Amino acid sequence: ALFETVKAVGIELCPALGLTIPVGKDSLSMRTDWVENGTNKSVVAPLSLIISGFAPVVDVTQSVTPQLVKEDDTSLVFMDLSGGKTRMGGSALAQVHGQLGDDTPDLDDPETLKQFFKVVQQWINDGKILAYHDRSDGGLFTTIAEMCFAGRIGAKLTIEPTLEKLFNEELGAVIQVRNEDLKGMIDEMPTVQVIGTVHDNPILSIGDESFDVYELLQFWSQTSYQIQKLRDNPDTADAEFKL
């Protein structure tokens, strides 16, 4: 599996994107053993591969974040890089239900990713993107919820509320743009889709369902909060969580 991964990334994907990974390290065989209160314990490295890229930032003022902006006449736009696929294998939703799934998301067309990157960079340089967040763990619904958390505002989604559309973790991104810029952006990348609007009221709504952004934020923060209570002063952890 490790060989097939290196082959796919190093021989197939990197040349297509014009990238180089200068060094790699096999940590899959790492293991730690210890004895705690007379019990033998061990931890092995997870069988997953994470590759991080980095590059110089020429102008930090041109960067964008997931924080939704309180500005009138804006829309949420979804940029789908999967060709409409909704593969659910390995998704957070599947794992919540104790399942693994069959087909997992994949990068099927490197050229689509290259075009996406170039277009997004140009839009950032032109000041057209107000907020940006990639679709990743948790899928589209989680992506937009996290954007609401960052901006402390709400959103109204106009997409069909099916599990596959809301929670698949295919490649893609959500951006907030001004309505006056929409037509030109759609002309440049016809696959983009308007999926909602932003409003000051901290409510995230889709179809007939509405969610309080702050209640969702507490659910979302629960794991970090519980770890913080064990690691740090529990009183300050409680105070931060309540706030």
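The values are calculated or read from the model by the stated rules, or taken from the named source; none is laboratory data. Note that the structure is predicted; figures quoted are calculated from it, not measured. Because the Cβ atoms are built from the backbone with ideal geometry, glycine has one as well, and the counts that use them run over all protein chains shown. Keep in mind that these areas ignore ligands, DNA and RNA; they rest on the heavy atoms of the full protein, side chains included. Shrake-Rupley method; radii C 1.70, N 1.55, O 1.52, S 1.80 Å.
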*Which ³J(HN,Hα) values, rounded to whole Hz and listed in residue order, are derived for the stretch 233-243 from phi using the Karplus coefficients 6.51, -1.76 and 1.60 in 6.51 cos²θ - 1.76 cosθ + 1.60 with θ = phi - 60°, glycine and proline given as x?*
5, x, 5, 6, 5, 4, 4, 5, 5, 5, 5
_Most positive-pole-ward Cα, 222, 42, 161, against dipole of the chain from beta carbon charges_ = 42
*May I ask you to give the percent of accessible area on the chain that is carbon plus sulfur, with a probe radius of 1.4 Å?*
55 percent
*Express in Å², to the nearest 10, the accessible area of residue 52 obtained by rolling a 1.4 Å probe over the protein heavy atoms while all chains stay in place.*
100 Å²
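I need the shape label for the stretch 157-243. Rule: rounded when a/c is under 1.5, else prolate if a/b > b/c, else oblate, with a, b, c from the alpha carbon gyration tensor.
prolate
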*How high is the FRET efficiency from residue 43 to residue 241, r the C-beta distance, R0 41 Å, rounded to 0.05?*
0.90
*Using bins 10 angstrom wide from zero, how does P(r) for the chain break down, in % of all Cα pairs?*
6, 23, 31, 25, 11, 2, 0
*Magnitude of the charge dipole, the chain, Cβ model with Lys/Arg +1 and Asp/Glu -1, debye to 20*: 540 debye
*Please calculate how many Å² of accessible area the chain carries per residue, with a 1.4 Å probe and no DNA, RNA or ligand atoms counted.*
65 Å²
*What residues from the stretch 132-170 fall in the zone where the backbone N is under 20 Å from a label point 7 Å along the Cα-to-C-beta line of residue 60?*
132
*Which of the lysines could a cross-linker span from residue 7 if the Cα-Cα distance has to be under 18 Å and same-chain partners fewer than 8 positions apart are dropped?*
25
*Give, in nm to one decimal, the length gained when the segment between residue 8 and residue 121 is fully stretched (0.36 nm per residue of separation minus the Cα-Cα distance).*
38.1 nm
_Inter-probe distance in nm under a simple model that places probes 7 Å from Cα toward Cβ, at residue 16 and residue 1_ = 2.2 nm
*asked:* Taking the Cα centre as origin and putting +1 on Lys and Arg beta-carbons and -1 on Asp and Glu beta-carbons, what dipole magnitude results for the stretch 1-101, to the nearest 20 debye?
replied: 420 debye
*Determine which lysines satisfy two conditions relative to residue 118: a Cα distance under 22 Å, and not lying fewer than 8 residues away in the same chain.*
128, 183
